[in-house]
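Right, one structure below, let's go through it.
The values are calculated or read from the model by the stated rules, or taken from the named source; none is laboratory data. All figures in this text were calculated on a predicted structure; none of them were measured in a lab. Cβ atoms come from the backbone with ideal geometry, glycine included; neighbour counts cover every protein chain shown. Calculation scope for accessible area: heavy atoms of the full protein, side chains included, ligands and nucleic acids excluded. Shrake-Rupley method; radii C 1.70, N 1.55, O 1.52, S 1.80 Å.
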2 protein chains.
Amino acid sequence: MTTAIAPANIAFIKYWGMRDAEQTLPYNGSLSMNLDACLTTTSVLFDPALESDHVTLTLYAQPPKVAVGRPLERVVAHLDRMRALAGVTTRARVTSSNNFPADAGIASSAAAFAALTLAGVSALGLAMDERTLSRLTRRSGSGSASRSIPTGYVEWHNGDDLTSFAESIAPPEYWDLADVVAVVDTQAKKIGSAENHHLAVTSPYFGVRLEGIQQRLDAARTAIMQRDLTLLGTTMEADAVSMHLVCMTQSPPSFYWNAGTMAVIHAVRAWREQGLEAYFTIDAGPNVHVICASGDRFIVQERLEALPEVQFTLVNRVGHGARLVHVND
Amino acid sequence: MTTAIAPANIAFIKYWGMRDAEQTLPYNGSLSMNLDACLTTTSVLFDPALESDHVTLTLYAQPPKVAVGRPLERVVAHLDRMRALAGVTTRARVTSSNNFPADAGIASSAAAFAALTLAGVSALGLAMDERTLSRLTRRSGSGSASRSIPTGYVEWHNGDDLTSFAESIAPPEYWDLADVVAVVDTQAKKIGSAENHHLAVTSPYFGVRLEGIQQRLDAARTAIMQRDLTLLGTTMEADAVSMHLVCMTQSPPSFYWNAGTMAVIHAVRAWREQGLEAYFTIDAGPNVHVICASGDRFIVQERLEALPEVQFTLVNRVGHGARLVHVND
């Protein structure tokens, strides 16, 4: 049995819109940091005695559940990709567990498919460099999972199947940032990101978003290299707003923001005027990721938890990428 | 003494961005309905004994206040325009009162400058057709005031000083709609619309908004002509979102929406799925105007007032334009 751990990640420059569903190719490059406290642990055992793949998922604070339906199909399809590379047909037993609440709106599929890919590839004994591993992870259908493979701050390049991979641009210790996730809604997402990845092109504003992406990618990369929080923060907020306005103007429109989202946005902007340097970004859901210097993370957490709209928070620093773990049998 | 009453109005297709500040020319045409229950009453008396203009403003449920500073300057500048047309220099005594709460986020300047223009022009004995009156009202600096001159459903045309006027496209009785204003914030606006009218062009998305305006104007006009609430509503929501995304992407960004705004947006969308046909639009503030068939206005009001984020509501039907009133002395 081979076990891997992979982090969730939060994008400063978002992946939004899928150019090629077969290969999971994006319309634009994206840039993220791994979350050190939001992890998925996945074990894979290829067992010739099995007649079909068997997948058990353990969400945080819940009993294990056997995967069926679409979640199972996605895992099987990804195992099939790995089996094809290894030239085998052996079925696998997969167990996967998250250490963070499933209802926190943290994209758990990124961590899950990164961990599955690393564990599966290792279990099959495939030699694979990080670039190839991130490309294979990308093809799982969860494109942002490719960013959970390399360590620290990660850029996922736009390109074709060969050139669209993720790579680290700086290790976690290069710059000690924090992501304090303000959870304002624990209900399941009503609108999956998959559907909206396809609808993005129906927004008349999508083209302008893409026109600005390269400038924002360059600015965010430079900001990380120079440890410039002001530049990173303003760039990140502009990109998040841009992604959400694409959703709000697609056909039919989709509104991920809710009352709590706006309350946190306004609070963060007000704190900044008072001298607390923190910035917001929002993924395909209502919860808000507040990015700040790691030294400010507890004051940000305290203030967020004082807002009536915030149910709880999760504090992350910059995390490592996917890695194998040795489990004592 | 001459007294005029003028309504506030709510735009289905918004005026956003000022192309010419001297003439108050917009970047695009706009389309609105007058609000029958949100009125400003203004009296003007030109008095040779006065050495300067004297302006008293009475806001709803507040004692009268003598205008000073910028509000006084704007009234004086507009009186100067009228005096220049009449070839006089006589100063005026102006009293103006609103029948709706000043903190409801209803654009009171539209009603105020429409009433001032009609009362002033009449007091000076100037013969002026409605088109000329709306052009003069437009030049007050409150461009949307030009839409409060004609009756019912009104379109304000883009153009130059001569061709940018407002005209009625249908009287109030043509289609019995209601605007239930959900007041979620009674604090004074932090960001005036004047500044953002100038900043709109700094948004990279402003051009796309303008590209779509003609199609939306045509759709909204057709919807009114055909009494098609679905077409009017979806068009109106798209235009409001488009205006606000321009604000959120300008430099520096501006966020009018707050927690209550998003709560009402989601509520209205959910009610619609349940069969209650209502649509939202939002001006330069957080409060939400919910447009529905007049027959649904009380159920919409009841549901809005049941939302914890809504402080109170104002119910309007389609109103007449500015008119002179005869006051018993």
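Students often get this wrong: which residues of segment B:259-283 have the backbone nitrogen under 18 Å from the point 7 angstrom along Cα-to-C-beta of B:ASP176? So the set is B:277-278. With only the Cα atoms considered, segment B:147-240 has a convex hull volume of 149 Å³ per residue. Neighbouring Cβ atoms from other chains, within 10 Å of the Cβ of residues in B:261-273, number 3 on average. Inter-label distance, B:GLU273 to B:ARG81: 4.6 nm, where each label sits 7 Å from its Cα along the C-beta direction.
Distance from the C-alpha centroid of segment B:202-224 to that of segment B:50-77: 36 Å, rounded to the whole angstrom.
In this structure the amide hydrogen of B:ASP283, modeled in the peptide plane, comes within under 5 Å of the amide hydrogens of B:HIS289, none closer than 5 places in sequence on its chain. Each Lys and Arg contributes +1 and each Asp and Glu -1, all at the Cβ; summed about the Cα centre of chain B, the dipole is approximately 420 debye. Converting the Cα gyration tensor eigenvalues of segment A:218-287 into ellipsoid dimensions via √(5λ) gives semi-axes, longest first, of 24, 17, 7 Å. Given R₀ = 41 Å, what would the calculated FRET efficiency be for A:VAL66 paired with B:ASP103, taking r from the Cβ atoms and rounding to 0.05? Working from the Cβ atoms, E equals 0.15.
For segment A:235-251, 3J(HN,Hα) computed residue by residue from phi via the Karplus equation (6.51, -1.76, 1.60; θ = phi - 60°) reads 5, 5, 5, 4, 5, 5, 4, 4, 4, 6, 6, 4, 4, 6, 10, 7, 10 Hz, glycine and proline entered as x.
Relative contact order for chain B: 25 percent, from Cα pairs under 8 Å spaced at least 6 residues apart, divided by residue count. Counted residue by residue at 0.36 nm each, then reduced by the alpha carbon distance between them, the extension gain from A:THR56 to A:GLN214 reaches 52.9 nm.
Across the accessible surface of segment B:178-317, with the other protein chains kept in place and a 1.4 Å probe, carbon and sulfur atoms take up 51 percent. Across segment A:305-315, rounded Karplus estimates of 3J(HN,Hα) from the backbone phi angles (6.51 cos²θ - 1.76 cosθ + 1.60, θ = phi - 60°) give 5, 7, 7, x, 6, 8, 7, 6, 10, 10, 9 Hz, Gly and Pro being marked x. Measuring heavy-atom accessible area with a 1.4 angstrom probe and counting protein chains only, the residues of segment B:191-222 that give up at least 50 Å² relative to the chain alone are B:TYR205, B:VAL208. For segment A:23-68, the spread of Cα coordinates along the three principal axes comes to 42, 31, 18 Å, biggest extent given first. Solvent-accessible area assigned to carbon and sulfur over segment B:2-173 amounts to 53 percent, based on a 1.4 Å probe.
P(r) tail, segment A:163-315: Cα-Cα pairs separated by more than 18 Å, 61% of all pairs. Dividing the alpha-carbon radius of gyration of chain B by the rule-of-thumb value 2.2 N^0.38 Å gives 0.96. Shape descriptor for segment B:136-189: Rg over Rh equals 1.08 (Cα atoms; Rh from the Kirkwood inverse mean 1/r). Take A:91-97, A:179-185, B:6-12, A:20-26 and order them by the average number of nearby Cβ atoms within 10 Å per residue, most first; the result is B:6-12, A:179-185, A:91-97, A:20-26. The reciprocal of the average 1/r between distinct C-alpha atoms defines the Kirkwood hydrodynamic radius, which for the protein assembly as shown equals 27.1 Å. The value obtained for segment A:76-147, namely the Cα convex hull volume divided by the number of residues, is 90 Å³ per residue. Within segment B:2-173, the proportion of Cα pairs with more than 26 Å between them is 24 percent. Using the Stokes-Einstein relation with a Kirkwood hydrodynamic radius computed over Cα pairs, the translational diffusion coefficient of segment A:108-149 at 37 °C and a viscosity of 0.692 mPa s comes to 339 µm²/s. Averaging the Cα positions of each part gives two centres, and for segment A:13-40 and segment A:124-143 these lie 14 Å apart. Cα centroids of segment B:244-270 and segment A:230-293: 11 Å apart. For B:LEU35, the amide hydrogen comes within under 5 Å of the amide hydrogens of B:ALA8, B:ASN9, B:ILE10, B:GLY319, counting only partners 5 or more places away or on other chains and with H modelled in the peptide plane. On association of chains B and A, roughly 1800 Å² of accessible area becomes buried (total for both chains; probe 1.4 Å). Each peptide among A:202-214, A:51-63 gets the average number of other Cβ atoms lying within 10 Å of its residues, and from highest to lowest they stand as A:202-214, A:51-63.
Computed as a quarter of the hull surface, the mean projected area of the alpha carbon convex hull for segment A:248-329 stands at 8.9 nm². Partner shielding of B:241-249 amounts to 4, given as the average count of beta-carbon atoms from other chains within 10 Å of each residue beta-carbon. Solvent exposure of the protein assembly as shown, expressed per residue, is 39 Å² of accessible area, with all protein chains present and a 1.4 angstrom probe. Per-residue Karplus couplings for segment A:130-144, computed as 6.51 cos²θ - 1.76 cosθ + 1.60 with θ equal to phi - 60°, are listed in order as 4, 4, 5, 4, 5, 5, 5, 4, 3, 6, 4, x, 9, x, 5 Hz, Gly and Pro entered as x.
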